[in-house]
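The next block holds one structure in the form of structure tokens; read it before the comments.
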Amino acid sequence: MTATPDAATPNEGKTLAVEIDGARYSRIPLRTHVVTADDDIVEVVTRYTAGHLQPGDLLFVTEKIVAISQGRSFPMEDIEPRKLATFLSKYVTKTSFGIGLGIPETMEMALRECGTPRILLAAGVSAVTKVFGRTGDFYRVAGPKARGIDGPTAHTIPPYNHQVVLVPENPKRVAAQLKRALPVAVDVAVVDINDLGGNILGSTVSAERERLLVRILKDNPLGQGHESTPLGIVRPA
């Protein structure tokens, strides 16, 4: 049975459709089991999208399940932060939507992923520009690997409420691999979308369509907590 906008159910507090520049799009969430490092991302995606995709759809996959399937999720107790990580984490602005690099464990993983010189440069630039009221320079300098690190939060599905998840490796290649594996002609995007905004980490569409996709997903239709919907379909409505 093919999922239609009428049959699909939005996540709590979200809407199924959105209008962008006069065009309407449905964002259909797909539920899965809790993905682990033992899962193959291609098998997971093909299994849970079976019977739901239509030609011309765009399938979006959260970066978190891609990274987890690649073994890029680390229990907090296995991360030993250095003193520098503890020091730098104290100056990170925390929000209600996530801790970012605001704890020693996530900052430690940023130092490992991005290198100490780059993180120190980002911290130095940020310290200067904050004086002039400018924000966001830390992540602009540190780059997407730092920006995409997910720390543990109370609303995250266990066991990931006690783990740090890094950005996936080669998301563009993963998107292309998934597109080839699916039996229906659709495009694929690996996305990092949260309640603060979003980025397309890798896709099979043009840069222009990536920018449109960010606008379509701006309200984070897959949710931020226990929804268990790490896959979604964008379909012209």
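Numbers at a glance
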{"quantity": "Only listed residue being in contact with a Ser or Thr (Cβ under 8 Å, 6 or more places away or on another chain), under 24 Å from GLN177 (Cβ atoms) and acidic (Asp, Glu), chosen from ASP57, ASP40", "calculated": "ASP40"}
{"quantity": "Condition met for LYS64 (part of a loop (DSSP other than H, G, I, E, B), in contact with a Pro (Cβ under 9 Å, 6 or more places away or on another chain), open to solvent by less than 70 Å² (accessible area, probe 1.4 Å) and at pLDDT below 95)", "calculated": "no"}
{"quantity": "Enumeration of residues in the range 106-115 that are more than 18 Å from the chain's Cα centre (by Cα) and open to solvent by 40 Å² or more (accessible area, probe 1.4 Å)", "calculated": "ARG112"}
{"quantity": "Residue satisfying all of: in the range 166-200; farther than 22 Å from GLY143 by Cβ and charged (D, E, K, R); least open to solvent (accessible area, probe 1.4 Å) among these", "calculated": "ASP187"}
{"quantity": "Of the criteria (1) within 19 Å of ARG140 (Cβ to Cβ); (2) not in a helix (DSSP H, G or I), which one GLY71 fails", "calculated": "(1)"}
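The values are calculated or read from the model by the stated rules, or taken from the named source; none is laboratory data. Since the structure is predicted, the reported quantities are computational estimates derived from the model, not experimental observations. Methodologically, a virtual Cβ is constructed for each residue, glycine included, from the backbone with ideal geometry; neighbour enumeration extends over all protein chains shown. Keep in mind that these areas ignore ligands, DNA and RNA; they rest on the heavy atoms of the full protein, side chains included. Shrake-Rupley method; radii C 1.70, N 1.55, O 1.52, S 1.80 Å.
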